[in-house]
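For reference, the structure is listed below as C-alpha coordinates.
The values are calculated or read from the model by the stated rules, or taken from the named source; none is laboratory data. Values in this document were obtained by computation on a predicted structure and should not be read as measured data. Note that we place each Cβ from the backbone using ideal geometry, even for glycine, and neighbour counts take in every protein chain shown. We work out accessible area using only protein heavy atoms, side chains counted, and drop any ligands, DNA or RNA first. Shrake-Rupley method; radii C 1.70, N 1.55, O 1.52, S 1.80 Å.
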Amino acid sequence: MSLYSGYIDKLIDELAALPGIGGKSAQRLAFHLIHLPKDKVKRLADAILDARENVRYCKECFTLTDSDVCPVCANKNRNHKMIMVVENARDLAAYEKTGRYEGVYHVLHGAISPMLGIGPGDIRLKELLQRLQGDVEEVIIATNSSLEGETTAMYISKMIKPTGIRVTRIASGVPVGGDLEYIDEVTLLRALEGRVEL
Ligand code: ZN
(Lines give C-alpha, C1' and ligand atoms only; values in the text may rest on other atoms or scores of the structure.)
Protein backbone atom coordinates (compact mmCIF):
# COMPACT_ATOMS: atom_id res chain seq x y z
CA MET A 1 0.00 0.00 0.00
CA SER A 2 1.24 3.43 -0.87
CA LEU A 3 1.97 5.78 2.02
CA TYR A 4 1.52 8.88 -0.10
CA SER A 5 -0.32 9.62 -3.31
CA GLY A 6 0.71 7.72 -6.41
CA TYR A 7 2.06 10.96 -7.89
CA ILE A 8 4.39 11.53 -4.97
CA ASP A 9 5.57 7.92 -5.04
CA LYS A 10 6.37 8.27 -8.70
CA LEU A 11 8.29 11.49 -8.12
CA ILE A 12 10.26 9.89 -5.27
CA ASP A 13 11.09 6.88 -7.47
CA GLU A 14 12.37 9.11 -10.30
CA LEU A 15 14.49 11.22 -7.94
CA ALA A 16 15.88 8.16 -6.16
CA ALA A 17 17.09 6.83 -9.53
CA LEU A 18 19.46 9.82 -9.88
CA PRO A 19 23.12 9.33 -8.96
CA GLY A 20 24.03 10.16 -5.37
CA ILE A 21 20.42 10.46 -4.20
CA GLY A 22 19.21 7.81 -1.77
CA GLY A 23 15.64 7.07 -0.75
CA LYS A 24 15.62 9.58 2.10
CA SER A 25 17.01 12.44 0.02
CA ALA A 26 14.53 11.60 -2.73
CA GLN A 27 11.70 11.86 -0.24
CA ARG A 28 12.97 15.17 1.10
CA LEU A 29 13.38 16.59 -2.40
CA ALA A 30 9.95 15.40 -3.49
CA PHE A 31 8.26 17.12 -0.57
CA HIS A 32 10.33 20.24 -1.14
CA LEU A 33 9.25 20.31 -4.78
CA ILE A 34 5.53 19.88 -4.17
CA HIS A 35 5.58 22.77 -1.72
CA LEU A 36 7.27 25.15 -4.17
CA PRO A 37 5.22 27.72 -6.11
CA LYS A 38 4.12 26.24 -9.44
CA ASP A 39 6.16 28.66 -11.55
CA LYS A 40 9.36 27.67 -9.75
CA VAL A 41 8.69 24.01 -10.42
CA LYS A 42 8.01 24.82 -14.06
CA ARG A 43 11.33 26.69 -14.36
CA LEU A 44 13.18 23.68 -12.99
CA ALA A 45 11.35 21.25 -15.26
CA ASP A 46 12.00 23.51 -18.27
CA ALA A 47 15.68 23.82 -17.41
CA ILE A 48 16.01 20.03 -17.33
CA LEU A 49 14.17 19.60 -20.64
CA ASP A 50 16.04 22.46 -22.35
CA ALA A 51 19.40 21.09 -21.26
CA ARG A 52 18.49 17.60 -22.41
CA GLU A 53 17.22 18.80 -25.78
CA ASN A 54 19.86 21.36 -26.63
CA VAL A 55 23.12 20.13 -25.21
CA ARG A 56 25.27 18.18 -27.60
CA TYR A 57 28.86 17.06 -28.06
CA CYS A 58 31.45 19.46 -29.46
CA LYS A 59 32.45 17.96 -32.80
CA GLU A 60 36.12 18.61 -32.07
CA CYS A 61 36.71 17.71 -28.42
CA PHE A 62 33.38 16.01 -27.52
CA THR A 63 32.70 18.08 -24.44
CA LEU A 64 29.10 19.11 -23.80
CA THR A 65 28.09 22.35 -25.48
CA ASP A 66 25.16 24.31 -26.96
CA SER A 67 26.73 24.77 -30.37
CA ASP A 68 28.58 22.72 -33.00
CA VAL A 69 31.96 23.63 -31.57
CA CYS A 70 32.57 24.50 -27.90
CA PRO A 71 33.99 27.92 -26.87
CA VAL A 72 37.45 26.44 -26.17
CA CYS A 73 37.75 24.79 -29.59
CA ALA A 74 36.33 27.88 -31.29
CA ASN A 75 38.93 30.14 -29.64
CA LYS A 76 41.73 30.90 -32.12
CA ASN A 77 44.01 32.09 -29.31
CA ARG A 78 44.19 28.62 -27.81
CA ASN A 79 47.04 26.31 -28.78
CA HIS A 80 45.31 23.72 -30.94
CA LYS A 81 48.49 21.66 -31.20
CA MET A 82 48.30 20.76 -27.52
CA ILE A 83 45.50 18.38 -26.53
CA MET A 84 44.70 17.49 -22.94
CA VAL A 85 42.82 14.22 -22.61
CA VAL A 86 40.31 14.14 -19.73
CA GLU A 87 37.71 11.61 -18.64
CA ASN A 88 34.71 13.90 -18.55
CA ALA A 89 33.41 17.42 -19.05
CA ARG A 90 33.68 18.13 -15.29
CA ASP A 91 37.43 17.54 -15.43
CA LEU A 92 37.66 19.93 -18.36
CA ALA A 93 35.79 22.52 -16.31
CA ALA A 94 38.22 22.02 -13.41
CA TYR A 95 41.22 22.77 -15.64
CA GLU A 96 39.46 25.69 -17.30
CA LYS A 97 38.87 27.20 -13.88
CA THR A 98 42.63 27.49 -13.34
CA GLY A 99 42.64 29.88 -16.30
CA ARG A 100 46.23 28.88 -17.06
CA TYR A 101 45.93 26.07 -19.58
CA GLU A 102 46.21 27.37 -23.12
CA GLY A 103 45.75 24.21 -25.14
CA VAL A 104 42.56 22.41 -26.12
CA TYR A 105 40.95 19.25 -24.74
CA HIS A 106 39.66 15.84 -25.68
CA VAL A 107 36.86 14.41 -23.55
CA LEU A 108 36.76 10.62 -23.42
CA HIS A 109 33.45 10.28 -21.57
CA GLY A 110 34.71 7.51 -19.34
CA ALA A 111 37.76 5.38 -18.72
CA ILE A 112 38.74 1.84 -19.62
CA SER A 113 37.54 -0.55 -16.93
CA PRO A 114 37.81 -4.29 -17.49
CA MET A 115 35.90 -4.78 -14.23
CA LEU A 116 32.90 -2.81 -15.48
CA GLY A 117 33.25 -4.18 -18.99
CA ILE A 118 34.22 -0.79 -20.44
CA GLY A 119 36.69 -1.30 -23.26
CA PRO A 120 38.65 1.10 -25.50
CA GLY A 121 35.77 1.05 -28.00
CA ASP A 122 33.34 2.40 -25.40
CA ILE A 123 35.08 5.74 -24.88
CA ARG A 124 36.06 8.43 -27.42
CA LEU A 125 39.47 7.01 -28.31
CA LYS A 126 38.87 6.51 -32.01
CA GLU A 127 37.97 10.18 -32.24
CA LEU A 128 41.21 11.10 -30.46
CA LEU A 129 43.25 9.10 -32.97
CA GLN A 130 41.44 10.89 -35.78
CA ARG A 131 42.38 14.26 -34.33
CA LEU A 132 46.01 13.22 -34.22
CA GLN A 133 46.02 13.03 -38.02
CA GLY A 134 46.08 16.81 -37.88
CA ASP A 135 48.83 19.11 -36.65
CA VAL A 136 49.37 18.02 -33.02
CA GLU A 137 52.57 18.44 -31.02
CA GLU A 138 51.65 17.15 -27.59
CA VAL A 139 49.01 15.02 -25.94
CA ILE A 140 48.72 15.55 -22.19
CA ILE A 141 46.99 12.65 -20.49
CA ALA A 142 45.01 13.96 -17.54
CA THR A 143 42.86 10.98 -16.72
CA ASN A 144 42.25 10.37 -13.00
CA SER A 145 44.84 8.52 -10.93
CA SER A 146 42.38 5.71 -10.22
CA LEU A 147 43.06 2.21 -11.57
CA GLU A 148 40.79 2.95 -14.53
CA GLY A 149 42.46 6.30 -15.17
CA GLU A 150 45.93 4.75 -15.13
CA THR A 151 44.85 1.87 -17.37
CA THR A 152 43.43 4.37 -19.83
CA ALA A 153 46.58 6.53 -19.69
CA MET A 154 48.74 3.50 -20.45
CA TYR A 155 46.52 2.47 -23.34
CA ILE A 156 46.55 5.95 -24.88
CA SER A 157 50.29 6.30 -24.47
CA LYS A 158 50.86 2.98 -26.31
CA MET A 159 48.40 4.03 -28.98
CA ILE A 160 50.08 7.38 -29.62
CA LYS A 161 53.77 6.45 -29.28
CA PRO A 162 54.12 5.12 -32.86
CA THR A 163 52.90 8.46 -34.26
CA GLY A 164 55.93 10.27 -32.81
CA ILE A 165 53.72 12.84 -31.10
CA ARG A 166 54.94 13.86 -27.63
CA VAL A 167 52.89 12.15 -24.90
CA THR A 168 52.93 13.40 -21.32
CA ARG A 169 51.08 12.51 -18.14
CA ILE A 170 50.12 15.05 -15.48
CA ALA A 171 52.25 14.70 -12.37
CA SER A 172 51.18 12.66 -9.41
CA GLY A 173 50.40 15.65 -7.20
CA VAL A 174 46.91 14.40 -7.77
CA PRO A 175 46.00 11.99 -4.96
CA VAL A 176 45.47 8.36 -5.94
CA GLY A 177 41.85 7.63 -6.65
CA GLY A 178 41.14 11.35 -6.56
CA ASP A 179 38.58 12.75 -8.93
CA LEU A 180 40.09 15.70 -10.78
CA GLU A 181 37.06 17.89 -10.19
CA TYR A 182 37.52 17.83 -6.41
CA ILE A 183 41.15 18.90 -6.48
CA ASP A 184 42.03 22.53 -5.92
CA GLU A 185 43.39 24.70 -8.69
CA VAL A 186 46.90 25.02 -7.28
CA THR A 187 47.30 21.25 -7.20
CA LEU A 188 45.92 20.98 -10.72
CA LEU A 189 48.38 23.55 -12.01
CA ARG A 190 51.27 21.88 -10.25
CA ALA A 191 50.25 18.56 -11.78
CA LEU A 192 50.13 20.16 -15.21
CA GLU A 193 53.44 21.97 -14.89
CA GLY A 194 55.18 18.89 -13.50
CA ARG A 195 53.92 16.58 -16.24
CA VAL A 196 56.28 13.83 -17.31
CA GLU A 197 57.13 12.23 -20.63
CA LEU A 198 55.63 8.82 -21.26
ZN1 ZN B 1 35.42 21.49 -28.11
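Split the accessible area of region 47-198 by element, probe 1.4 Å, and carbon with sulfur accounts for 53%.
If packing is taken as the mean number of other Cβ atoms within 10 Å per residue, what is the order of 138-147, 107-116, highest first? Before the final figure, lay out the partial values.
Working: 138-147: 22.2, 107-116: 17.3.
The peptides rank, most packed first, as 138-147, 107-116.
With a 1.4 Å probe rolled over the protein heavy atoms of all chains, the accessible area of ARG52, ARG166, ARG78, ARG90 falls in the order ARG52, ARG90, ARG166, ARG78, largest first.
What's the ranking of 5-13, 42-50, 98-106 by average number of surrounding C-beta atoms within 10 Å, highest first?
Details: 5-13: 13.7, 42-50: 10.8, 98-106: 17.7.
Packing order, densest peptide first, comes out as 98-106, 5-13, 42-50.
For the chain, the solvent-accessible area with a 1.4 angstrom probe is 61 square angstrom per residue.
Under 21 Å of direct C-alpha separation, and excluding same-chain neighbours fewer than eight residues apart, LYS59 reaches these lysines: LYS76, LYS81, LYS126.
Please identify the DSSP H helices in the chain that span no less than 18 Å along the helix axis (Cα) and have a mean Kyte-Doolittle hydropathy of -1.0 or more. Kindly include the intermediate steps, with their values, before the conclusion.
Working: long enough: 38-54 (23 Å, -0.97); 147-160 (20 Å, 0.26).
TM-like helix candidates: 38-54, 147-160.
Take every pair of alpha-carbon atoms less than 8 Å apart whose residues are at least six positions apart; their mean separation over the length of the chain yields a relative contact order of 15 percent.
Would region 6-54 count as rounded, prolate or oblate if I go by the C-alpha gyration tensor, calling it rounded below 1.5 in a/c and otherwise prolate when a/b exceeds b/c, oblate otherwise? The shape class here is oblate.
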